[in-house]
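To keep things clear, I will list the structure first and then write my remarks on it.
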Amino acid sequence: MTVQPTEPTTPRLEWFKSSYSTGNGGECVEVAAAPTHVHIRDSKWPSGPMLTLGPGAWASFVGLIAD
């Protein structure tokens, strides 16, 4: 039997730190945008759980914290 490598079916996410992260150990939020969802995780625990929101929920969240 021969095993053929396959392409991943889920694209790799590109994570971005919050612009409010200081680099002094306080950074905690990273965001990755996908075509249909926005993913949020703790930068100090990248393999930990992540929160996934739809675009509408993300826009509402950002609107609330911007006020």
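Every number in this text was worked out from the coordinates using simple rules, so none of it is lab data. The shown structure was predicted, so the numbers you read here are calculated from the model rather than taken from an experiment. All Cβ positions, glycine included, derive from the backbone under ideal geometry; neighbour counts span all protein chains shown.
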- Item | Added length on full extension, which subtracts the Cα-Cα distance from 0.36 nm per residue, Val62 to Ala33 | 9.1 nm
- Item | Protection proxy ranking of 36-46, 53-63 - average other beta-carbon atoms within 10 Å, highest first | 36-46, 53-63
